[in-house]
Structures are given as C-alpha cells and as structure tokens.
Amino acid sequence: MKLYIYDHCPFCVKARMIFGLKNIPVELIVMMNDDEQTPVRLIGQKMAPILMKADGSCMPESLDIVHYIDESDRSPLLTGAVNPAIGDWLRRVNGYINKLLIPRVAEAPFAEFATPQARQYFINKKQATYGDFAELKQHAPGLIKNISDDLRKLDDLIVKPNAVNGELSLDDIHLFPLLRSLSLVAGVEYPSRVADYRDNMAKQTQVNLLSSVAA
Ligand SMILES: N[C@@H](CCC(=O)N[C@@H](CS)C(=O)NCC(=O)O)C(=O)O
C-alpha cells in the first residue's frame, strides 16, 4: 500500500499513526505542495492523505483510512472509550493554534516544500486564510503562553504515556498529531506527563517528532 502525504499535515499523521501502531508496512509518498495533478488524478480533489490500496484503488479522508486499516486484520487496536474532556481541549486549542503553527510550517524544511514554487504555493494559500505571516508572528509570544497554559490542563487528563485514556482510542489519533506539530515550535513548556505521552506516542506510531527543526 502507498500513503500520499504532506509531512507537515496533521491529518496525514493520523493516517500514518495506524500503520505504525499496527506495524503494517506502507510506502510514504510525499507530494509536492503545489502538485495539484497527482491528488486530483487519484481522488478528484487536491487533498492529503490518500491511501492507495494494493489493488490500485484510492481512499481519501484520514479517519476512513484509520478505520479501514485498524479493522483490516479483524483485530482493532483503537478500542478504548473517548473522553469528552479531550475533545473539548482539542476544540479550544484548535481554535487558535494554527496562527502559531502555520508561519513556522511555511519556513520548515519539509519535503513537500523542496522547490521554491511549492513553498510559495503553501504561503499564498495559508496567508489568504490566516493573514499575513509577519503579523501573525507578532502574536507568537502570547500564543506560546496560551498553549503552555493549556498543556498544563492537558497534563491532568493524561492517564498513561501509551494511551491518553489508558487504552488506545480515537482520542490518541486526534491528540498526537497536534503535539507532533507543536514540536516544531521552540519555547513551549511541556509538563512531564504531556512530554512522556508525546515521546511515547512518537515511538509507538513510528511518526517522527519535529523538535530537531524547531524554530
Ligand atoms: N477531512 C480531511 C482533511 C484533510 C486536509 O485538510 N488536508 C490538507 C492538508 S493538512 C490538504 O490536503 N489541503 C489542501 C492543500 O494543502 O492544498 C481528512 O481528514 O483527511
């Protein structure tokens, strides 16, 4: 199987996680960010992730891919209950976190930005949505304080380092990609349970953190 992704994309991380958790081999193909042709040919629109199955058919939508792979061996791993407090926490943080993340993503050495045109495509698209990056960057110190405060609240919700609610569930599929994206941001304060959870999930899912290129 092949998984078409952008390395920065949190939805793609969701799909990557289930392969890592189940140790199912998959070929990762990073599309150039300005390559509209490939995704449109595969699924009719420019969107990642895309799973290409062994028979050549393609499946979009991260959660559909997660469910498909999790059930593919009739031994699902994501059997734990979700905690509504995790959903609430994610909704609140997702309300502001892209203003901190997106300008950093735009400057990071991701494979999908290997050409200047691909990087510029991302910058143009995201500035149209989130506003001028120079302006957004001025809010970074306040946003870093907000997320550091919110991570302290998350710390109280983490039950085990290998599953946020004690047993693997969809909450892990939603939470880890945000923490992985956040590892791109220098200066965020991590309480110990959050840091242990993030590091453990990176190992379990075989999805790298971005700390080595944090800015
Ligand atoms: N509902 C989709 C959302 C996927 C999504 O929004 N992917 C973004 C990348 S993070 C995308 O491909 N956007 C189009 C683009 O980057 O041009 C899913 O869960 O897979």
Fill in the blank from the handout: Scanning segment 189-212 for residues that are more than 17 Å from Ile173 (Cβ to Cβ) and hydroxyl-bearing (Ser, Thr, Tyr), the one most open to solvent (accessible area, probe 1.4 Å) turns out to be Ser212
Practice task
Test Lys125 against the stated conditions and say whether it is under 18 Å from Val82 (Cβ atoms) and basic (Lys, Arg).
Solution key: no
Fill in the blank from the handout: Of the residues in segment 166-188 that are of a type in the set (S, T, N, Q) and more than 14 Å from Leu21 (Cβ to Cβ), the one that is surrounded by the most Cβ atoms within 10 Å (Cβ to Cβ) is Ser181
Practice task
Looking at (1) in contact (Cβ under 8 Å) with a residue 12 or more places away in the chain; (2) in a helix (DSSP H, G or I), find the lone condition where Gly166 falls short.
Solution key: (2)
Fill in the blank from the handout: Within segment 100-117, of all residues that are crowded, with 19+ Cβ neighbours inside 10 Å and in contact (Cβ under 8 Å) with a residue 40 or more places away in the chain, the one nearest to Leu168 (Cα to Cα) is Leu101
Exercise for the section: From (1) in contact with a helix residue (DSSP H, G or I) (Cβ under 6 Å, 6 or more places away or on another chain); (2) under 20 Å from Ser75 (Cα atoms); (3) among the aromatic types (Phe, Trp, Tyr), pick out the condition that doesn't hold for Phe19. Expected result: (1)
Handout entry: Among residues of segment 11-43, those that are under 18 Å from Leu168 (Cα atoms) and of a type in the set (Val, Ile, Thr), counted
Key = 3
Handout entry: Candidate set: segment 124-163, residues that are more than 17 Å from Lys99 (Cβ to Cβ) and outside any helix (DSSP H, G or I); chosen: the one most open to solvent (accessible area, probe 1.4 Å)
Key = Asp156
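The values are calculated or read from the model by the stated rules, or taken from the named source; none is laboratory data. What you are looking at is a predicted structure, and each value in this text was computed from that prediction instead of being measured. Please note: Cβ atoms are built from the backbone with ideal geometry, for glycine as well, and neighbour counts cover all protein chains shown. Just the protein is used for accessible areas: all its heavy atoms, side chains included, with ligands, DNA and RNA removed. Shrake-Rupley method; radii C 1.70, N 1.55, O 1.52, S 1.80 Å.
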